[in-house]
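I have placed the structure first, in the form of structure tokens, so that the comments after it can refer back to it.
The values are calculated or read from the model by the stated rules, or taken from the named source; none is laboratory data. Predicted model, so just to flag it, every value in this text is computed and none were measured. Backbone-built Cβ (ideal geometry, glycine too); neighbour counts: all protein chains shown.
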Amino acid sequence: MMFGGVKKRLKSIFGGEKPRASGYSHHGANTHKKALIGWDSTSFGAHEDIDRNISKLRERSRDLYMGGALVASGALKTMRTNVVGAGLTVKPSIQAETLGLSSDDADEWQRLARAEFELWADTVDCDAARQNDFADLQQLAFLAWLMEGDVFVAMPHIPRAGNPYDLRVLLIEADRVCNPPLLDPSREICQGIELGGYGEVVAYHICNQHPSYNGGCIVKKKEWKRVEAFGKQTGRRNILHIMDAERIGQARGVPVLAPIIEAARQLGRYTEAELVAAVIAGMFTVFLSTENPDGPVGEGSVPLDEQIDSDDESTVELGNGTTVTLGPNEKATVANPGRPYSGFEMFTNAICRQMGTALELPYEVLVKQFTASYSASRAALLEAWKMFKMRRAWFVKDFCQPVYEEVMTEAIAKGRLSAPGFWSAPEIRKAWLRAEWYGPTQGQIDPLKEVNAAKIRVAEGFSTRARETSELTGGDYESNVRQLAHEEKLMEAAGLLDRGDDALETETGIGFPAVLDDESGSGEE
């Protein structure tokens, strides 16, 4: 009996009888339960699931941003404003120990490097199209990535009069990187990206205009150009592909709104329907039924210049406080739409919470409504800033830092900056090009608490004054110190500086007043 049971089990596993359900077959992989039998979950590789659908995802994501759903447009703008804001600023931070520099020499080199980068970045000359400075290019590139899933950046060298630098940034919209009409069968090209034997990017195929462009102010022949991803001799990156991959083997990026496209569109339709119903409910029109109408039957008292469709005789237009004359035996029945619907706000808020979860945006941040307690509002902001910081670090790594390194490399090559050993070894080059980037600050619900917490972090060695200055105000600590020293001299020269008032020493011993922490956030000294 024992051997017979084993034999039957082996037969069910390796052939013959159908194996019995086990493990996930009872749960998520079950195909017999009523709740799961109709679930179409067919999935293939990243190319079939993502790359083949990317064009439609882009179109619908753009439509939602342009008005298809106000909450979707607001979500993208919220991310753009908090991650990039008015533009991320660079603070060169070279590895002085590796380069054998003193602190003073390192500070001086970093000051010069920042000045050189600002000389390039603060003019529209840095843009190949000569329309935006580098801060504006950051906003445009980040918003394009959010809306379209990816964006491409070329870095050509274009000399321009009056500018010491030749490097330019050329943003390329995602649609323009696409397959040419005649594909080379010897090359693997996926959505305009040519791949090698290991799945690495070999080249990009770029159209000279949007592939759906059918003429307009400029008419030119569509042509595709093959641009190699890296230079053959120098290994320099010719194209930056800003994309956040979610699948192994994925060639193109997915718009941030992709998971909520259906829900956002349905919410937009529902909102439009409720808005129209509320407008109709606000109309007060009287219908007059008479045997001998004085005026033309069906004509209302809406002025001709205010009528929407005056050419259509079958249309009866309603208005505020208007009358419509009906003919004999005619009767008007007006349905009561019952608007505004009392459950509208509760329902839309519930949907917004779900969409916010998919976008990593707490509901309070998504709808800009902070009506809860201080602790709840602060928790929502902290949770949102985890996502903002993550996206900022990724954007800096993929876009800002590579562009900065190209500018610094050109400055060193042209002798505008001195960097001994820069061309000798990659580790030396990396030490010279190291930098930190800062952007919009988190903001404070209770500024006094935030400043006091920053003082404690600095006093305990958990942070630095430079980092806290950047995160609290977005400023530069070294510039602040120089400016404060200048202001002190001016006040002393004017006799306005009172040296008699010393800072109050408190229980913490670091010179700031103690604050009582309460739930409402109102601190009292």
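In the stretch 416-451, the residue that is nearest to Tyr374 (Cα to Cα) out of those that are over 29 Å from the mean Cα position of the chain (by Cα) and small (Gly, Ala, Ser) is Ala431.
Tally time: how many residues in the stretch 345-391 are over 14 Å from Ala72 (Cβ atoms) and either assigned to a helix (DSSP H, G or I) or among the aliphatic types (A, V, I, L, M) (or both)? Selection size over the stretch 345-391: 29.
Applying the criterion of being in contact with a Leu (Cβ under 8 Å, 6 or more places away or on another chain) and surrounded by 18 or more Cβ atoms within 10 Å (Cβ to Cβ) to the residues of the stretch 74-88, the residue that is nearest to Lys386 (Cα to Cα) is Met79.
Across the stretch 388-403, the number of residues qualifying as touching a residue at least 60 places away in the same chain (Cβ under 8 Å) and more than 26 Å from Tyr165 (Cβ to Cβ) comes to 3. Tyr165 satisfies every condition listed in (1) over 27 Å from the mean Cα position of the chain (by Cα); (2) surrounded by fewer than 22 Cβ atoms within 10 Å (Cβ to Cβ); (3) not β-branched (Val, Ile, Thr) except (2). Of the residues making up the stretch 410-426, those that are closer than 20 Å to Arg168 by Cβ, buried (at least 18 other Cβ atoms within 10 Å of the Cβ) and either in contact with a Gly (Cβ under 6 Å, 6 or more places away or on another chain) or free of Cβ contacts under 8 Å to residues at least 24 places away in the same chain (or both) number 1. Can you confirm whether the stretch 359-367 contains a residue that is modelled with pLDDT of 90 or more, touching a Leu at 6+ places or on another chain (Cβ under 9 Å) and surrounded by fewer than 18 Cβ atoms within 10 Å (Cβ to Cβ)? Within the stretch 359-367, not a single residue is modelled with pLDDT of 90 or more, touching a Leu at 6+ places or on another chain (Cβ under 9 Å) and surrounded by fewer than 18 Cβ atoms within 10 Å (Cβ to Cβ).
Scanning the stretch 92-145 for residues that are without any contact (Cβ under 8 Å) to a residue 12 or more places away in the chain and not in a helix (DSSP H, G or I) yields Gly100, Leu101, Ser102, Arg130, Gln131, Asn132. Among the residues of the stretch 452-477, those that are under 25 Å from the mean Cα position of the chain (by Cα), in a helix (DSSP H, G or I) and free of Cβ contacts under 8 Å to residues at least 24 places away in the same chain comprise Arg467, Glu468, Thr469. Looking at the stretch 190-211, is at least one residue in a strand (DSSP E or B), of a type in the set (Asp, Glu) and closer than 21 Å to Gly249 by Cα? Yes, the conditions are met somewhere in the stretch 190-211. Only one of the numbered conditions (1) exposed (fewer than 11 other Cβ atoms within 10 Å of the Cβ); (2) free of Cβ contacts under 8 Å to residues at least 60 places away in the same chain; (3) not hydroxyl-bearing (Ser, Thr, Tyr) is not met by Ile248, and that is (2).
Is at least one residue of the stretch 390-405 farther than 29 Å from Leu99 by Cβ, surrounded by 19 or more Cβ atoms within 10 Å (Cβ to Cβ) and among the basic types (Lys, Arg)? Within the stretch 390-405, one or more residues are farther than 29 Å from Leu99 by Cβ, surrounded by 19 or more Cβ atoms within 10 Å (Cβ to Cβ) and among the basic types (Lys, Arg). Inside the stretch 22-63, residues that are touching a residue at least 12 places away in the same chain (Cβ under 8 Å) and either outside any helix (DSSP H, G or I) or loosely packed, with under 11 Cβ neighbours inside 10 Å (or both) make up a count of 2.
In the stretch 178-201, the residues that are of a type in the set (Gly, Ala, Ser) form Cβ pairs under 7 Å with partners that are in a loop (DSSP other than H, G, I, E, B), at six or more places apart or across chains, as follows: Gly192/Cys178; Gly192/Asn179; Gly199/Gly249. Can you find a residue that is closer than 15 Å to Leu112 by Cβ and assigned to a helix (DSSP H, G or I) anywhere in the stretch 414-430? Scanning the stretch 414-430, I find no residue that is closer than 15 Å to Leu112 by Cβ and assigned to a helix (DSSP H, G or I), so the answer is no. Checking each residue in the stretch 220-237 for being assigned to a loop (DSSP other than H, G, I, E, B) and exposed (fewer than 15 other Cβ atoms within 10 Å of the Cβ) picks out Lys220, Lys221, Lys222, Glu223, Gly231, Lys232, Gln233, Thr234, Gly235, Arg236. Within the stretch 432-450, restricting attention to residues that are outside any loop (DSSP other than H, G, I, E, B) and touching a residue at least 24 places away in the same chain (Cβ under 8 Å), the residue that is surrounded by the fewest Cβ atoms within 10 Å (Cβ to Cβ) is Glu436.
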